[in-house]
Amino acid sequence: MKKFFKVLAVLILIAHVFAGMIYIGIIPIGFFTGLHLPEAGRLAEFILHLKENVDEKEPAPPLTQPEEEEEPAQELAAEETETTEAEEEEKDAVTIELSEDLPDITEQDLYDLTEVLVNAGALKAASGSGEDLSDLIVCDLAADIEDPGHFTAAFSVQTDDGRIERGPTADMRVEMTEPFLAFREDEVTLAAGTEYDTASNILICMDLDGTVLTEYVAVDGSLNTGLPGDYELRYYIYSRVNGSSASRTVTFHVEED
């Protein structure tokens with residue numbers, strides 16, 4: 001069997017050689033076959049053409065699975081950054097909630113209104129992560145001198161980074177029995193040598209009928225801003241409506257530069 005294939009290979013090689021010699025005219029094919037020379041040339045050309053096609057034919061490339069397009073790393077990083085920033089903003093957000101049903105507020109409650117409302121469960125503040133921030137709530141109280149007994153309270157929270165988150169406002173009707181005296185700060189810190197007007201800290205000073213009594217405030221005690229130390233001043237006001245009075249104490253801390 002092996003001899004047969006060897007003989008066949010030799011015959012094919014000889015056929016290729018003869019075909020080439022016929023094509024270039026060394027051997028006229030018509031001499032052996034009786035064909036005319038043009039026909040022999042076309043036959044030889046056809047045989048060579050078949051050979052070239054077989055020799056030059058390349059195997060088909062192997063089938064491969066199409067590669068999935070990967071999302072660019074920069075886009076993924078940007079999405080992760082946006083998600084992280086959104087989560088941080090949500091975590092840093094502050095919510096202040098005020099109940100629509102407020103407890104009855106007395107005149108004395110106004111002096112510690114935030115604490116009264118928080119303890120009553122009517123006011124609370126929380127961060128986006130659920131941290132209780134109720135102890136950071138600040139109350140900005142205002143009195144309506146055109147409508148004595150009508151007070152407005154605006155609540156806010158100042159975060160660690162200095163942001164002020166403002167919350168709801170409460171409108172309250174309070175029955176007044178004495179003049180009302182409130183300060184911006186119950187404790188004031190001053191640098192030594194600072195000039196200070198003791199009346200500048202007064203926020204509300206009002207009689208029962210809405211009359212402003214700031215110019216009638218009496219102060220007991222002294223403040224020496226040139227000498228570092230702690231000082232207490234007691235402020236008094238008297239009603240011109242019913243003769244009642246109200247007093248409040250403010251502490252001053254004078255510190256060295």
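The values are calculated or read from the model by the stated rules, or taken from the named source; none is laboratory data. Given the structure is predicted, the values throughout are model-derived calculations rather than measurements. Here the Cβ is made from the backbone with ideal geometry for all residues, glycine too, and neighbour counts use every protein chain on show.
Before moving on, here are some points about what is shown:
- Flag for ASP186 being charged (D, E, K, R), surrounded by 12 or more Cβ atoms within 10 Å (Cβ to Cβ) and at pLDDT below 95: yes
- Answer residue from segment 114-142, given it is within 20 Å of the chain's Cα centre (by Cα) and crowded, with 16+ Cβ neighbours inside 10 Å and is farthest from CYS205 (Cα to Cα) among those: SER127
- When residues in segment 130-188 are screened for being within 20 Å of VAL118 (Cβ to Cβ) and basic (Lys, Arg), 1 of them pass.
- Taken as a whole, the condition of being at pLDDT below 95, surrounded by 14 or more Cβ atoms within 10 Å (Cβ to Cβ) and not assigned by TED's automatic domain parsing to the domain that holds ASP109 does not apply to TYR231.
- Looking across segment 135-187, the residues that are of a type in the set (Asp, Glu) and in a strand (DSSP E or B) come down to ASP140, GLU165, ASP171, GLU187.
- Which listed residue, of VAL118, VAL138, is under 24 Å from THR251 (Cβ atoms), outside the structural domain of ASN242 (by TED's automatic domain parsing) and modelled with pLDDT under 95: VAL138
- The residues in segment 143-194 that are hydroxyl-bearing (Ser, Thr, Tyr), over 30 Å from ASP207 (Cα atoms) and not assigned by TED's automatic domain parsing to the domain that holds ASP209 can be counted, and the count is 1.
- Residue list for segment 109-134, filter: outside any strand (DSSP E or B) and of a type in the set (Asp, Glu): ASP109, ASP112, GLU115, GLU131
- Being within 30 Å of THR177 (Cα to Cα) and out of contact with any Ser or Thr (no Cβ under 7 Å at 6 or more places or on another chain) holds for only one residue in ASP104, ASP132, and it is ASP104.
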